[in-house]
1. Of all residues in region 348-368 being touching a residue at least 24 places away in the same chain (Cβ under 8 Å) and among the aromatic types (Phe, Trp, Tyr), which is farthest from residue 292 (Cα to Cα)?
2. If I ask for residues that are touching a residue at least 60 places away in the same chain (Cβ under 8 Å) and in a strand (DSSP E or B), which ones from region 229-283 would you list?
3. I'm trying to understand the selection: among the residues of region 314-329, which are touching a helix residue (DSSP H, G or I) at 6+ places or on another chain (Cβ under 8 Å) and within 15 Å of ligand 5 (Cβ to nearest atom)?
4. Considering only residues that are more than 16 Å from ligand 4 (Cβ to nearest atom), assigned to a loop (DSSP other than H, G, I, E, B) and of a type in the set (A, V, I, L, M, F, W, C), which ones fall in region 321-351?
5. Given (1) away from ligand 1 (no atom under 15 Å from the Cβ); (2) modelled with pLDDT of 95 or more, identify the lone condition not met by residue 20.
6. Working carefully through the options 185, 200, find the one that is crowded, with 21+ Cβ neighbours inside 10 Å, under 16 Å from residue 161 (Cα atoms) and under 13 Å from the mean Cα position of the chain (by Cα).
7. Identify, please: which residue in region 344-368 is aromatic (Phe, Trp, Tyr) and buried (at least 19 other Cβ atoms within 10 Å of the Cβ) and is, among those, farthest from residue 317 (Cα to Cα)?
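The values are calculated or read from the model by the stated rules, or taken from the named source; none is laboratory data. Predicted, not measured: the structure shown is a model, and the values here were computed from it. Because the Cβ atoms are built from the backbone with ideal geometry, glycine has one as well, and the counts that use them run over all protein chains shown.
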Amino acid sequence: MEKNAVRAEMIAPCGLDCSICSRALAEKDPCPGCLGPDENKPEFCSKRCGIILCRKRQENGYTYCDECPDYPCADVEEKESRYTSKYPLYESPGKNLREIRKNGMEKFLEKERNEWTCGECGHIVSVHTGICSGCGKQYGAQVIPVSEDTWRIENGMVRFFLLKGTEKALLIDTGMTVRHARKIAEALTGLPVLLLNTHADRDHTGSNGEFDAFFMHPDDEAHYRASGQDGRIVPVRDGDEIDLGNRVLKIIHLPGHTPGSIAVLDVSRRVLISGDPIQEHGHIFMFGERRNMQDYISSLEKLEERIPEFDEIWPSHSDIPLHPDCIRRLRDGAEQIVNGEAEGKETDFFGQKIKVYDLGFTAFLCNR
Ligand code: SF4
Ligand code: SF4
Ligand SMILES: [Zn+2]
Ligand SMILES: [Zn+2]
Ligand SMILES: [Zn+2]
């Protein structure tokens, strides 16, 4: 039995992708999935799952439950609610079926592989544990309290933040694989939760679908829509303020990594939440469409003038917290790259030819 592969035989009648189930990813006697033989299937599924046992489905020969006039029945609804809210990662069986109908099985499987394959080792990540079955990397949301009204949420390679005021809470980004960031935020704060995106790269917008509207710089709208994402953008620009109730946040526009990248200054705490442009021991993506090294350098110059307003920087990737001194180091490094004074190494990055400038304190991934 082949494990660690997303295959059509692993899609259950309800739409659940059994290939991301921790029992299917087990080393010993992996479960063959809902449609497979009962041998190695836990009793929870083989003897108690109403969908597996459903007579109506068997008698009518439905492959998927959406062929059934009773769809979604109570069993299907229970499963949908469990998989979209109870596990470290999010899976929507109903959405899977809709995508299979709309785009066909092959396209769906391809998307599923992209979503559930570990970026480090190529094995599949379990929806139940949020852990990669190959290397053990944690992809679920790890909620880390920073203070009584501030949280940092680590999600695999990326992190996002939750700030609470007296009236409202603000999520700054929604991670990559976590799809219920809003529920997490509401449970932690007990307040209405707004969303702001530092920029539109997909590793920052995983749970955006939970929100009808969110703050984003308008210069990132094209980038956001290009990846097929919807929702209403409430534009925020340089100098704008958001008041959560006794907690004022100021927006600083930092184009370069993307045209609409912004940082958020938590004024009273003297912390800058910076998104992707500021990283130490990380990888700053500057290749491909919409990235611009000259804009990046100008943004850092502008930010250097504001250093008196903050003591710490909290980036979305790699080391945290950072000392504001790193802004100058990054600007010097970026200038050396633009002036041809830094040495880059040509690399193949998922089929794209790029140049990596490893400056020791961080690496820039640039166009060739
Ligand atoms: S244990 Fe149940 S959910 Fe998991 S793979 Fe087997 S049939 Fe699917
Ligand atoms: S009643 Fe219909 S929707 Fe419910 S499990 Fe059976 S086939 Fe699926
Ligand atoms: Zn892995
Ligand atoms: Zn980014
Ligand atoms: Zn990022």
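1. Per the criteria, the residue is 361.
2. If the condition is that a residue be touching a residue at least 60 places away in the same chain (Cβ under 8 Å) and in a strand (DSSP E or B), then 242, 243, 249, 262, 263, 264, 266, 273, 274, 275, 283 are the ones that fit.
3. 316
4. If the condition is that a residue be more than 16 Å from ligand 4 (Cβ to nearest atom), assigned to a loop (DSSP other than H, G, I, E, B) and of a type in the set (A, V, I, L, M, F, W, C), then 342 is the only one that fits.
5. (1)
6. 200
7. That would be 357.
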